[in-house]
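See structure below.
Every number here is computed from the coordinates shown, using simple stated rules; none is lab data. Since the structure is predicted, the reported quantities are computational estimates derived from the model, not experimental observations. Positions of Cβ are generated from backbone atoms using ideal geometry, with glycine treated the same way; all protein chains shown enter the neighbour counts.
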Amino acid sequence: MAIYPTLALAKLACLYAGAIWGIFWIPLRAINEAGIDGLWSAAIWFTVPAVTLLPIAVYRWRSIKSGGLQLQITTFLAAIALIFYTLAFLYTDVIRAMLLYYLTPIWSTLLAAVILGENISIQRIIAICFAVLGMLIIFGLGLNFPIPRNLGDWLGICSGIIWAIAIVRIRKYQDNSAIDMTVGFFFWSAIVALTTCLILAFDETPSLVYLQPTLMWVVPFMALVVIPGAFASLWGPKFLSPGLASLLMMTEIVFGSITAALFANEPFGAREIVGVFLISAASLIEPLHDAIKRNAQKNRSHP
């Protein structure tokens with residue numbers, strides 16, 4: 001596959017992945033409303049896709065085994081990042097958890113510079129500034145960053161740092177199959193989530209009676225929407241700068257804000273529109289700059 005189509009698809013994959021993570025609250029809330037609260041709702045959310053992917057794991061066990069320890073470390077870190085992010089919502093405000101997590105473009109840009117030797121371009125700095133400003137406007141925090149002050153806050157910021165490490169590793173070990181990473185991601189997520197529940201919430205183990213009606217639509221939703229979104233979030237960063245991949249995935253905030261307004265009656269007014277515009281602009285700065293640069297090079301080579 002030619003390099004430019006691959007890069008374009010990778011960017012679209014990251015945009016799509018962010019959009020999917022922006023609506024992941026819908027099945028999570030549905031599980032909660034079925035009478036399953038707290039840690040167990042998150043455990044079920046991760047276990048359903050892990051069970052769904054079991055046939056693929058069996059079919060690809062040789063490929064997964066050949067990925068070795070590096071594959072498992074990457075998928076384990078990605079799983080821990082999402083577990084921490086999910087748990088952050090239980091221990092702090094949703095707004096604070098999302099903002100602290102989505103400092104990820106900063107961490108991934110710095111880590112890529114140190115580990116991969118990438119240059120930090122002026123376009124990346126401008127894009128990060130646009131994105132962070134957009135978040136602050138959407139969340140109504142003015143120009144004040146929320147300083148971590150409780151367990152949920154620290155889980156939010158740690159999840160962003162760990163995800164930044166994971167996507168730097170995805171870029172570094174890009175020969176790993178995205179299918180194998182998706183399988184490992186959900187299996188590690190389910191293992192960690194279930195272990196956490198058995199340790200901290202064993203007495204709250206849910207009954208299948210509460211689950212059956214919800215699973216009737218959660219299972220196909222996971223298979224058709226969430227699993228492809230996870231695949232996209234692990235495939236796209238293989239071909240992109242970690243900082244750019246993180247910026248593109250900030251479509252999560254855009255889709256999260258819009259779907260929350262549509263389905264949860266949360267506000268979506270002028271402030272949210274401005275914030276969405278800034279975040280969208282941040283995700284387009286580098287792709288547009290690259291497209292203009294390529295077009296200029298093409299014109300110079302074909303006078």
- Query: What's the tally of Lys pairs in the chain whose alpha-carbon atoms lie under 18 angstrom apart, where the two lysines are 8 or more places apart or on different chains?
  - Reply: 4
- Message: Can you tally the net charge around Val114? Count Lys and Arg as +1, Asp and Glu as -1, for every other residue whose Cβ sits under 15 Å from the Cβ of Val114.
- Response: +3
- The ³J(HN,Hα) series, computed from each phi in the range 78-91 with the Karplus coefficients 6.51, -1.76 and 1.60 at θ = phi - 60°, rounded to the nearest Hz and given as x for glycine or proline, is 4, 5, 4, 4, 6, 4, 4, 4, 5, 5, 4, 5, 7, 10
- When the C-alpha atoms of the chain are aligned to their principal axes, what extent does each axis show, in angstrom, from largest down? 71, 50, 32
- Message: Using a Gaussian network model on the chain with a 10 Å cutoff between Cα atoms, which of Ser177, Ser189, Ser121 fluctuates the most?
- Response: Ser121
- How far is helix 178-200 tilted off the main Cα axis of the chain, in degrees rounded to 10, range 0 to 90? 40
- Query: Relative to the longest principal axis of the chain, what angle (0 to 90°, nearest 10) does the C-alpha long axis of helix 251-263 take?
  - Reply: 50
- Item | Value of relative contact order over the range 1-142, rounded to a whole percent, pairs C-alpha under 8 Å and six or more apart | 13
- Query: Normalised by the number of residues in the chain, what is the relative contact order in percent for Cα pairs under 8 Å and 6+ residues apart?
  - Reply: 38
- Task: Quick one: net charge around Asn265, please, counting Lys, Arg +1 and Asp, Glu -1 for every other residue with C-beta under 14 Å from its C-beta.
- Result: -1
- Identify which of Met249, Met135, Met216 has the largest mean-square fluctuation in a Gaussian network model of the chain, with springs joining Cα atoms closer than 10 Å. Met216
- State the Kirkwood hydrodynamic radius of the range 1-138 in Å, one decimal place, computed from all pairs of distinct Cα atoms. 18.1
- Item | Gaussian network model of the chain, springs between alpha carbon atoms under 10 Å - residue of Gly229, Gly184, Gly269 with greatest fluctuation | Gly269
- Multiply the residue separation of Gln70 and Ser207 by 0.36 nm, subtract the distance between their alpha-carbon atoms, and state the gained length in nm to one decimal. 45.6 nm
- Hz values of 3J(HN,Hα) by residue in the range 218-223 - Karplus curve (6.51, -1.76, 1.60), Gly and Pro given as x: 5, 4, x, 4, 5, 5
- Net charge over other residues, Cβ less than 11 angstrom from the Cβ of Phe239 (K, R count +1; D, E count -1): +3
- Message: Given the -39500 (n - 2.57) contribution per DSSP H run of 4+ residues, what per-residue ellipticity at 222 nm results for the chain, rounded to the nearest 500 deg cm²/dmol?
- Response: -25500 deg cm²/dmol
